[in-house]
Amino acid sequence: MADVVVVGGGITGIQAALDLANHGVKVHLVEREPTIGGHMAMLDKTFPTNDCSMCILSPKMVDVERHPLVTLHTCTEVVGVEGEVGDFTVRLLRHPRYIDEKECNGCGDCTEVCPVEVYNRFDAGIGVRKAVYKPMPQAVPNITVRDAEHCIDCGLCYEACGKDAVLRDDEDHEEETEVHAAAVVITTGYATFDPSRKPNLRYLQLPDVVTNLEFERMINASGPTKGELRRLSNGAVPESIAFLQCVGSRDMQIDRPYCSCVCCMAAVKNAILIKEHHPGTEVTVLYMDLRAYGKGYEEYFERAKAMGVRFLRGMPGEIAARDGGLELMVEDTESEEVEYLHPDLVILSVGMQPPAGAEELAGRLGITLEPTGFVHIKDEKMNTVSTLRPGIYVAGTAVAPKDIPDCVAMAGAAAMRAYQDTRKVGA
């Protein structure tokens, strides 16, 4: 039976790989980051059950790594696909990790002695990491990576590693390999909108204006504040918090005409978590339309209201700095009254958008994108996982903004279409 290549190691790619492998198909799971897990690994809880995100994801990450029919390719990108359905040649480019993957056991001795601290993308900018590090405690594979760009080559990590697993720059190089596959499944996920493109929101200008992803890392027990709710300006617990919805979604001025699907319920979830930990904190959600579209979502919304979360239908024109704090002027479009809010912390619910490099990857795969930048699928009604190139399938937020259950369901559909292609080859 022929192989299948899955491009992207988030929850969608992991599920697709497991579904294929459990049907006896050898899978190559390709992820450009040092660990699989994607955005779901950054979350604290999932809605509407408030289950621990990593409690759901971690077992799947371990299962896919240990599965005998799955080969993980981390720090790796697809640079070309030739051939046709049933007989693809996929070219992979592995970027140097500067770590001997066979020797490293993830003990962290090298990280402890490293004197360099730099911006941590996994903590969405509110935390730091070392120049030799693991992206997260539950990283899969459980090995470190050395950031050659920021490494000062002090030599401490080489001396600290008892297995001599830390490699110097000239000991690890880019490597290109080829994989033959019957089908390819694209699960490249999403990126979040950069709110600095809307200067009226004062993101990166006022420290107490953060994105929802930064807030997720703040309230996560494994995050930089150990799960403690804090203002970034002074470290105090905020007494009032405002969520601002649809930042980078449903906005024709910035060419984002679509709804990002999950932002409303994510804000409801985080509002509930705030109220559970700090019942006295005032929480206001500013919105245009609240979309509680899934099973149990309307009840979840009502639960938030019963806990004291205020939902105000109106959007501020700007976030202003007043007397050392924040001020939002909002017209309540239901009562037609203008209100002035003075929250200690503003959380911007930034929308989803295609990941960086989506257009370049589409060119390498020979597929097309929609005007929004998401992957163009063959039939939105009957064939929702096929691209215009036979044998190449797509699932999850590479197609459009989706929540986790929809991504998992779509992963199974794409995996089974790819499985059918492997059966044709075997026949």
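The values are calculated or read from the model by the stated rules, or taken from the named source; none is laboratory data. Small disclaimer: the values here were computed from a predicted structure and weren't measured. Note that each Cβ is placed from the backbone with ideal geometry, even for glycine, and that neighbours are counted across all protein chains shown. Heads up: the accessible areas ignore ligands, DNA and RNA and are worked out on the full protein's heavy atoms, side chains in. Shrake-Rupley method; radii C 1.70, N 1.55, O 1.52, S 1.80 Å.
See the values below:
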read-out: Acute angle (nearest 10 degrees) that the helix 11-21 long axis makes with the longest principal axis of the chain, alpha-carbon atoms; value: 30
read-out: Antiparallel content of DSSP bridges confined to region 1-99, in %, to 5; value: 55
read-out: Extension gain, residue 277 back to residue 163 (0.36 nm per residue minus Cα-Cα distance, nm); value: 36.7 nm
read-out: Accessible carbon and sulfur surface of the chain relative to its total accessible area, %, 1.4 Å; value: 48
read-out: Per residue Cα convex hull volume in Å³ - calculated over region 347-427; value: 108
read-out: Pairwise centroid distance, computed over Cα atoms, of region 362-427 with region 230-244, Å; value: 41
read-out: Selection of GluC sites (Glu not before Pro), region 342-385, meeting DSSP coil and at most 13 other Cβ within 10 Å; value: 380
read-out: Equivalent ellipsoid semi-axes, the chain, via Cα gyration tensor eigenvalues times 5, rooted, Å; value: 38, 28, 18
read-out: Sites matching chymotrypsin sites (Phe, Trp or Tyr not before Pro) across region 244-302 that sit in DSSP coil, with at most 12 neighbouring C-beta atoms within 10 Å; value: 293
read-out: Measure of compaction for region 310-384 (Cα Rg per 2.2 N^0.38 Å); value: 1.81
read-out: Average Cα contact separation per residue, region 144-256, under 8 Å, 6 or more apart, as relative contact order %; value: 12
read-out: Förster-model FRET efficiency, 45 Å R0, residue 91 and residue 315, C-beta, rounded to 0.05; value: 0.45
read-out: Heavy-atom accessible area ranking, 1.4 Å probe, most first, across 423, 230, 389; value: 423, 230, 389
read-out: Mean separation of Cα contacts under 8 Å (6+ apart) over length of the chain, as relative contact order %; value: 20
read-out: Alpha-carbon radius of gyration plus Dmax, which is the widest Cα pair, for region 1-146 in Å; value: 16.3, 50
read-out: Given 45/402; 269/295; 305/402, the pairs whose alpha carbons are separated by over 19 Å; value: 305/402
read-out: Nearest 10 degrees, 0 to 90: helix 404-426 Cα axis against the chain principal axis; value: 20
read-out: Cα-centre dipole for the chain with unit charges at Cβ (Lys and Arg positive, Asp and Glu negative), debye to 20; value: 940
read-out: Linear extension gain, residue 197 paired with residue 58, 0.36 nm per residue minus alpha-carbon span; value: 46.6 nm
read-out: Within the chain, percent of DSSP bridges classed antiparallel, to nearest 5; value: 55
read-out: Distance histogram in 5 Å bins (all Cα pairs of region 122-186, percent per bin); value: 3, 11, 19, 20, 16, 13, 9, 6, 2, 0
read-out: Accessible area expressed per residue, region 71-219, with surrounding protein chains retained (probe 1.4 Å, Å²); value: 46
read-out: Those lysines that a straight Cα-Cα span of less than 24 Å connects to residue 26, excepting residues fewer than 8 apart in one chain; value: 60, 102, 424
read-out: Segment residue 329-residue 376, extension gain: residue separation times 0.36 nm, minus the distance between their alpha carbons; value: 12.9 nm
read-out: Local electrostatic count at residue 182 - Lys and Arg +1, Asp and Glu -1, tallied over other residues with Cβ under 13 Å; value: 0
read-out: Whole-number percent relative contact order across region 219-376, with pairs defined as alpha carbons under 8 Å at least 6 apart; value: 24
